[in-house]
Amino acid sequence: MDTRAFNGTKTDDSPHHKLSDKRGWYINWDEYFMAIALVSAQRSKDPVTQVGACIVNKDNRIVGVGYNGMPNGCSDDDLPWGKSSTNILETKKFYVCHAEMNAIMNKISSNIEGCTIFVSLFPCNECTKIIIQSGIKSVVYYDDKNIHKAEAKASQVMLKKANIHIRYYMNFSVEC
Ligand SMILES: Nc1nc(=O)n([C@H]2C[C@H](O)[C@@H](COP(=O)(O)O)O2)cc1CO
Ligand SMILES: [Zn+2]
């Protein structure tokens, strides 16, 4: 995991900080939630791409996390993780549950309307549809290595039409 997610930003510049001895160099909310998405990705068994997602409500409470993996009850030792076979049924494509879908399915709140999803990789078209239907209103992504793919282009079309706010994750560390 690279450290762009949480270099530690000087979050509090208030004079009270000196009086109260409050620690100034703590990670901000964006850094916190994206770090959780990135650390969740590290649970993935996918040998090529590990993805994590973290859903956050308006009160900055985490209401769901997930990473890409095989469906419940389907051993991840039995289903294929490769993608080079000419037989598509012997590739991961039809089997893997994406991180975003897992985070939404794992939600601990019945209603996630208006939430933000932090994802370590730009969502595919299938996850985008689930994101939209769930009522999530904002997507923050860390990596866009798949952005040239048709799936990601379709995602962008749908997210725009559905008025979902999309934001590239940036860590504005302050150099002092
Ligand atoms: N946003 C995403 N969330 C995900 O969970 N994934 C998963 C599905 C696969 O397990 C893996 C992609 O494999 P590959 O095509 O880079 O070898 O990442 C993929 C994307 C990209 O659309
Ligand atoms: Zn997906």
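Details
- Flagged links, alpha-carbon separation over 23 Å, of Lys107/Lys149; Lys129/Lys153; Lys93/Lys161; Lys93/Lys137; Lys45/Lys107: Lys107/Lys149; Lys93/Lys161; Lys93/Lys137
- Helix 125-134 and the long axis of the chain differ in direction by around 60°, with both axes built from C-alpha atoms.
- Computed from Cα atoms, the angle from the helix 150-161 axis to the main principal axis of the chain rounds to 50 degrees.
- Bridge type composition, the stretch 54-153 - antiparallel percent by DSSP, nearest 5: 60 percent
- Partner lysines for Lys22 [C-alpha distance under 25 Å; skip if fewer than 8 residues away on the same chain]: Lys10
- Share, in percent, of DSSP beta bridges within the chain that are antiparallel, nearest 5: 55 percent
- Cβ-Cβ FRET estimate between Arg23 and Ser109, R0 fixed at 25 Å, reported to 0.05: 0.25
- At full extension, Tyr95 and Lys45 could sit 16.7 nm farther apart than now, given 0.36 nm per residue minus the alpha carbon distance.
Readers should treat all values here as calculations from the given coordinates under stated rules, not as data from a laboratory. Source: prediction; values computed, not measured. Methodologically, a virtual Cβ is constructed for each residue, glycine included, from the backbone with ideal geometry; neighbour enumeration extends over all protein chains shown.
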